[in-house]
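This report concerns only the one structure given below.
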Amino acid sequence: MHISDSNLVAAMTALGVEVRPGVSLAKETSLGIGGTSDFLVIHRHDALPELVGLLRGARVPYRFLGGGTNVLLPDGELPWVVLQLARQDPDVRFDGNYVDVDCAADLGRMVTTCAKHDLGGMEGLIGVPGTVGGALRMNAGAYGTQIGTHVREVKVYRGATGQIEILRGAQINFEYRHTSFAPDDIMLAVRLELPSKPYREILDGIRICNEKRRASQPLNQRSAGCIFKNPPGGSAGRMIDELGLKGYSVGDARVSDRHANFFVNAGNATAKDMLSLIEYVRGRVRERYGVELEEEVIVWKEP
Ligand SMILES: Cc1cc2nc3c(=O)[nH]c(=O)nc-3n(C[C@H](O)[C@H](O)[C@H](O)COP(=O)(O)OP(=O)(O)OC[C@H]3O[C@@H](n4cnc5c(N)ncnc54)[C@H](O)[C@@H]3O)c2cc1C
């Protein structure tokens, strides 16, 4: 979507919002899929209520993007402008065992920064790409760790009220790759509480998780991590593998040869290719196992 109203652009710029017209979203996502749209980079949290007010007033639909590592965006011109938080410096601050982190911070870098302060508990998250905000939205997790366990407070822009609020950890449900944040909430910052642990011990844990990841995932190919959530008590990857679908392709969208629940962009895959592959695999799993797989990747559907 392109904003052609110069008064609106000027009002957004006055809020410190950087307006980047006609950005290729394929370059902003780990899958390398997505069309174009105007991109609005927010430098100050407190500008959000007014920014959203302006967009709503002008009937400009918007979506929020973190690091782009868990999304499948449509091809062509997107029907939304895309909002993103600018990185802050510093983006991690320490207060004993509490850590205040800006949601635009890189998740992996946050884990290693905490390790250097002898704060652990998040070793499993080390290879999860993307931002801290994206991890909160998805309750990202791996190897027995999930971010929600450590959340004490979240500063969030609430779409419903148009206000920035502080939510206590106990007010938020963190489940397997699901949270109780509303779809139009935008997380801005989080306070985590982490256990004290010697740096060396944390590094050992990180090394083990990195090795496991390197041994099982196609890390040199473009993907969005696991495409499907695991069904209760089961493994989506194992079912897809048992169906002999590793390497199966639609156009350049392909089931990874290395990890059957990773679908990769093996060239110039389109959203249409990837969606067809998702539906095909879902159908085969339904047919054989009677299980309806739910996507873990967030598909931005056109209205
Ligand atoms: C190689 C690879 C390995 C991966 N391994 C794992 C893994 O082990 N475990 C795991 O859980 N995930 C994994 N993922 C998926 C992904 O990295 C995580 O889900 C990550 O937390 C997404 O963060 P992001 O900033 O990239 O979010 P995005 O992809 O940008 O966004 C995902 C969704 O969250 C929303 N969102 C993002 N930031 C905010 C915010 N601040 N406020 C409100 N909404 C927001 C977006 O609107 C979107 O709907 C992997 C991905 C890749 C490519």
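Quick note: the coordinates plus some simple rules give every number you see, no bench work behind them. As the structure is a computational prediction, the values presented were derived from the model and not from experiment. Heads up, the Cβs are rebuilt from the backbone with ideal geometry, glycines too, and the neighbour counts pull from every protein chain shown.
Summary of values
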| read-out | value |
| --- | --- |
| Sorted by Cβ density within 10 Å, fewest first, the residues 259, 45 | 45, 259 |
| Under the Debye formula (equal points on every Cα, no solvent term), log10 I(q)/I(0) of the stretch 164-234 at q = 0.22 Å⁻¹ | -1.11 |
| Residues 54, 25 arranged by fewest to most Cβ contacts within 10 Å | 54, 25 |
| Ordering of 154-163, 76-85 by packing [mean C-beta count within 10 Å, highest first] | 76-85, 154-163 |
| Per-selection Rg to Rh, the chain - Cα, Kirkwood hydrodynamic radius | 0.97 |
| Segment residue 246-residue 184, length gained on full extension (0.36 nm per residue, minus Cα span) | 18.7 nm |
| For the stretch 11-155, alpha-carbon Rg relative to the globular expectation (2.2 N^0.38 Å, N residues) | 1.12 |
| Cα gyration tensor category, rounded, prolate or oblate, for the stretch 204-303 with a/c compared to 1.5 | oblate |
| Principal axis box of the stretch 1-59, alpha-carbon based, largest edge first, Å | 32, 24, 16 |
| Residues residue 302 and residue 8, FRET efficiency given R0 of 22 Å [Cβ-Cβ distance, rounded to 0.05] | 0.45 |
| Cα extents of the stretch 39-85 along the three principal axes, largest first (Å) | 29, 22, 12 |
| Scattering curve values for the stretch 132-264, log₁₀ I(q)/I(0), Debye with Cα scatterers, q = 0.09, 0.11, 0.15, 0.22 Å⁻¹ | -0.37, -0.55, -0.91, -1.24 |
| Value of [θ]222 nm, deg cm²/dmol, for the chain, DSSP H segments ≥ 4, -39500 (n - 2.57) each, nearest 500 | -8000 deg cm²/dmol |
| Full-stretch length increase - residue 59, residue 199 - with 0.36 nm per residue and alpha-carbon distance subtracted | 45.4 nm |
| Additional length obtainable on full extension of the chain from residue 268 to residue 50, 0.36 nm per residue less Cα span | 74.7 nm |
| Distance (nanometres) between label positions extended 7 Å along Cα→Cβ at residue 112 and residue 210 | 0.7 |
| Inverse mean reciprocal Cα-Cα distance (Kirkwood Rh) of the stretch 113-183, Å | 13.1 |
